[in-house]
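For reference, the structure discussed in these notes is given below.
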There are 2 protein chains.
Amino acid sequence: MSIKQNWIEFIKTLQNDICIALEELDGEKFLNDEWKREEGGGGISRIISNGNIFEKGGVNTSKVFGRLPETMQQAFNVSESKFFAAGISLVLHPKNPYAPTVHANWRYFELYDAGGTRIDSWFGGGSDLTPYYLFEEDAKHFHSSLKKAIDHYGEELYALFKKNCDEYFVNNHRNNEARGIGGVFYDYQRPKDEEDAERLFAFQQANANCFLNAYLPIVIRRKDVPFGEKQKHWQEIRRGRYVEFNLIHDRGTLFGLKTNGRTESILMSLPPTVRFEYNYQPEPGSEEDKLLQVCLHPIDWIN
Amino acid sequence: MSIKQNWIEFIKTLQNDICIALEELDGEKFLNDEWKREEGGGGISRIISNGNIFEKGGVNTSKVFGRLPETMQQAFNVSESKFFAAGISLVLHPKNPYAPTVHANWRYFELYDAGGTRIDSWFGGGSDLTPYYLFEEDAKHFHSSLKKAIDHYGEELYALFKKNCDEYFVNNHRNNEARGIGGVFYDYQRPKDEEDAERLFAFQQANANCFLNAYLPIVIRRKDVPFGEKQKHWQEIRRGRYVEFNLIHDRGTLFGLKTNGRTESILMSLPPTVRFEYNYQPEPGSEEDKLLQVCLHPIDWIN
């Protein structure tokens with residue numbers, strides 16, 4: 001079976017497994033929205049709203065193919081081509097401000113010439129954590145879970161992809177403030193040959209399969225910590241930064257919106273309630289400021 | 001005195017007049033933030049937060065000049081140049097969902113060659129209304145106030161600039177849904193000669209001077225209408241669309257953020273509290289749906 005078919009099967013199973021685990025923890029069910037793409041393909045969006053733990057979230061898969069849109073031709077520096085892309089994207093926004101938001105995405109892309117011959121293919125993906133309050137224990141757990149999963153494929157990879165992540169999820173209109181404490185992020189991982197494709201596929205699976213272990217223990221630890229209006233207010237301020245990053249800078253979001261993607265599935269990433277205040281600054285030295293400082297100055301959480 | 005100097009004086013006086021009128025109505029004062037731009041110029045941001053009527057708002061002026069950034073050289077199709085730009089921008093977000101949000105901006109731009117000779121200049125601006133509930137009376141009042149102010153300068157202008165506005169403030173990622181019920185929007189109004197410059201200056205003043213009469217009577221009518229959670233919820237959903245437009249599509253916002261503008265002054269336009277829900281649809285035929293329908297199908301409010 002081709003990498004393509006295997007990948008489609010993999011993300012379908014992963015979507016189910018992740019939703020089952022989250023439903024078990026939350027008690028609330030995900031709704032199921034299937035959609036078709038006129039130009040080829042479609043997707044399944046699974047959405048949770050007003051859960052007991054998760055105020056809003058989505059675990060979406062999509063498989064799209066057809067003629068490569070012109071905007072993408074420019075981006076990939078090719079002429080008239082066909083493409084195939086399949087991936088899984090998830091974002092979870094817990095209600096409790098002490099529990100972090102998480103985002104992950106794993107995707108596979110194939111590019112064909114006008115005659116249908118495959119001319120390129122690559123994997124991309126990553127997961128990153130956006131806490132509202134800093135618990136070093138949580139940051140270390142998240143990062144070391146990712147590192148452990150990746151190390152087998154090259155001991156230099158975690159550091160490299162961690163740096164990518166720190167550089168990517170950044171509001172450069174806000175003094176290069178990161179949206180959270182990062183994780184890993186990689187793109188254009190191109191198989192050199194059949195064997196390498198198997199290796200990259202396994203690498204991708206290792207990343208995806210470690211997600212639940214990287215994230216759930218953190219949520220379980222924080223979901224019932226008592227909080228008040230002050231913490232909710234700060235969470236909503238930081239969620240504002242999340243919105244700014246996703247709508248101003250995130251390539252995936254903008255690409256999706258500008259190439260006629262399914263808006264509701266793309267924007268499931270936006271937080272449920274958000275607050276924008278003029279020039280809001282946390283008190284220096286406060287718990288809120290401690291979080292802000294690690295967003296301004298990314299930390300090496302493992303060494 | 002040059003157009004440039006007159007314009008700077010005009011927006012300074014207008015900023016004061018508008019703030020005084022709004023403070024008188026609201027009871028709360030605007031704070032005053034002055035800022036300098038490293039490359040030349042600066043601005044005065046006047047911000048209201050948690051007022052009695054206005055939950056959040058700003059009335060900002062700026063005057064910036066210097067070397068034209070490279071991104072702008074491309075946009076204006078010129079090589080190494082200098083520029084001068086001065087304008088006033090305002091956004092007001094009332095607390096009461098029955099009172100509409102309003103946005104207005106009036107600006108003047110000059111472009112010089114590397115030697116400092118003026119090679120181009122233009123006026124731009126407009127005002128538009130974003131209600132959460134539709135009151136035809138309000139829509140008619142707002143549009144006819146603008147028309148009355150503009151008609152003197154050409155009877156075809158209102159219709160033309162109203163159409164510009166309907167086409168500009170649109171979330172094209174949401175089935176071309178307008179963010180509100182429009183107003184007028186114009187750009188690149190270039191003086192042909194000295195006399196024409198006077199005429200355009202007067203046209204610009206007429207637009208700006210009609211603002212308070214176009215907007216305040218509407219707020220006064222709606223500010224004390226009783227509302228409940230349902231109306232606040234809908235207001236916050238629609239404010240989400242406002243955020244989407246400003247961060248994804250608005251040229252002024254993106255231009256400011258990407259050319260190292262003052263982030264807090266640019267993003268004062270974002271609403272105070274916002275809600276994003278997956279695939280939220282108002283009930284067909286409801287008051288909420290009535291508003292949505294005029295956003296999807298712009299109305300000619302005057303004839």
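The values are calculated or read from the model by the stated rules, or taken from the named source; none is laboratory data. All figures in this text were calculated on a predicted structure; none of them were measured in a lab. As a convention, Cβ positions derive from the backbone with ideal geometry for all residues, glycine included, and neighbour counts pool all protein chains shown.
Out of all the residues in the range A:170-221, which are in a loop (DSSP other than H, G, I, E, B) and either over 19 Å from the mean Cα position of the chain (by Cα) or within 28 Å of A:F76 (Cβ to Cβ) (or both)?
Taking the range A:170-221 and keeping what is in a loop (DSSP other than H, G, I, E, B), we get A:175-176, A:179-181, A:190-193, A:210.
Correct list: A:N175, A:N176, A:R179, A:R190, A:P191, A:K192, A:D193.
Give just the number: which of (1) among the aliphatic types (A, V, I, L, M); (2) facing chain B (nearest Cβ under 9 Å); (3) surrounded by fewer than 21 Cβ atoms within 10 Å (Cβ to Cβ) does A:I299 not satisfy?
(2)
Being modelled with pLDDT under 95 and among the small types (G, A, S) narrows it down to one residue among A:A197, A:A149; which is it? Give the steps one after another, and end with the answer.
Numbers: A:A149 fails: modelled with pLDDT under 95.
Matching residue, one of A:A197, A:A149: A:A197.
Please state which of the following conditions A:L291 fails to meet, knowing it meets all the rest: (1) in a helix (DSSP H, G or I); (2) among the aliphatic types (A, V, I, L, M); (3) in contact with a strand residue (DSSP E or B) (Cβ under 7 Å, 6 or more places away or on another chain).
Only one criterion is unmet by A:L291, namely (3).
Yes/no matrix, rows are residues, columns are (1) in contact with a Lys or Arg (Cβ under 9 Å, 6 or more places away or on another chain); (2) over 22 Å from B:L296 (Cα atoms); (3) not polar (S, T, N, Q):
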{"residue": "B:L111", "(1), (2), (3)": "yes, yes, yes"}
{"residue": "B:G116", "(1), (2), (3)": "yes, yes, yes"}
{"residue": "B:S121", "(1), (2), (3)": "yes, yes, no"}
{"residue": "B:G126", "(1), (2), (3)": "no, no, yes"}
{"residue": "B:A139", "(1), (2), (3)": "no, no, yes"}
{"residue": "B:F161", "(1), (2), (3)": "no, no, yes"}
{"residue": "B:N175", "(1), (2), (3)": "no, no, no"}
{"residue": "B:G180", "(1), (2), (3)": "yes, no, yes"}
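Can you name the residue in the range B:45-86 that is in a loop (DSSP other than H, G, I, E, B) and modelled with pLDDT under 95 and, of all such residues, is nearest to the other protein chains (Cβ to nearest Cβ)?
Taking the range B:45-86 as the starting set, the residues that turn out to be in a loop (DSSP other than H, G, I, E, B) are B:50-53, B:68-69, B:77-80.
Restricting the remaining residues to those that are modelled with pLDDT under 95 gives B:68-69, B:77-80.
Working: B:L68: 20, B:P69: 14, B:N77: 19, B:V78: 23, B:S79: 24, B:E80: 25 Å.
Residue satisfying both the conditions and the ranking: B:P69.
Please go through (1) out of contact with any Pro (no Cβ under 6 Å at 6 or more places or on another chain); (2) among the hydrophobic types (A, V, I, L, M, F, W, C); (3) part of a helix (DSSP H, G or I) for A:I302 and return the number of the only condition it doesn't satisfy.
Only one criterion in (1) out of contact with any Pro (no Cβ under 6 Å at 6 or more places or on another chain); (2) among the hydrophobic types (A, V, I, L, M, F, W, C); (3) part of a helix (DSSP H, G or I) is unmet by A:I302, namely (3).
Please state which of the following conditions A:Q235 fails to meet, knowing it meets all the rest: (1) more than 14 Å from chain B (Cβ to nearest Cβ); (2) touching a Pro at 6+ places or on another chain (Cβ under 6 Å); (3) surrounded by 18 or more Cβ atoms within 10 Å (Cβ to Cβ).
Evaluating A:Q235 over (1) more than 14 Å from chain B (Cβ to nearest Cβ); (2) touching a Pro at 6+ places or on another chain (Cβ under 6 Å); (3) surrounded by 18 or more Cβ atoms within 10 Å (Cβ to Cβ) leaves (1) as the failure.
So in the range B:256-296, with the set limited to residues that are surrounded by 16 or more Cβ atoms within 10 Å (Cβ to Cβ) and among the basic types (K, R), which one is nearest to the other protein chains (Cβ to nearest Cβ)?
Ranking the candidates gives B:R275 first.
Table: residues versus (1) out of contact with any Lys or Arg (no Cβ under 9 Å at 6 or more places or on another chain); (2) more than 23 Å from A:E137 (Cα to Cα).
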site: A:G240; (1), (2): no, yes
site: A:T253; (1), (2): yes, yes
site: A:N260; (1), (2): no, yes
site: A:S265; (1), (2): yes, yes
site: A:F276; (1), (2): no, yes
site: A:E287; (1), (2): yes, no
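Give the residues of the range A:6-44 that are loosely packed, with under 14 Cβ neighbours inside 10 Å and modelled with pLDDT under 95, sorted by residue number. Show your work before the answer.
Quick first cut of the range A:6-44, residues loosely packed, with under 14 Cβ neighbours inside 10 Å only: A:9, A:13, A:20, A:24, A:27, A:29, A:31-32, A:34, A:36, A:38-39.
Result: A:K36, A:E38, A:E39.
Please pick out the residue among A:F211, A:F201 that is in contact with a Ser or Thr (Cβ under 7 Å, 6 or more places away or on another chain), of a type in the set (F, W, Y) and buried (at least 16 other Cβ atoms within 10 Å of the Cβ). Step through it out loud before you land on a result.
Numbers: A:F201 fails: in contact with a Ser or Thr (Cβ under 7 Å, 6 or more places away or on another chain).
Testing whether each residue is in contact with a Ser or Thr (Cβ under 7 Å, 6 or more places away or on another chain), of a type in the set (F, W, Y) and buried (at least 16 other Cβ atoms within 10 Å of the Cβ) leaves just A:F211.
State whether the residues of the range A:75-85 include one that is charged (D, E, K, R) and farther than 30 Å from A:C295 by Cβ. Quick ask: steps written out before the conclusion?
Applying the first criterion (charged (D, E, K, R)) to the range A:75-85 yields A:80, A:82.
Still in the list and also farther than 30 Å from A:C295 by Cβ: A:80, A:82.
Within the range A:75-85, one or more residues are charged (D, E, K, R) and farther than 30 Å from A:C295 by Cβ.
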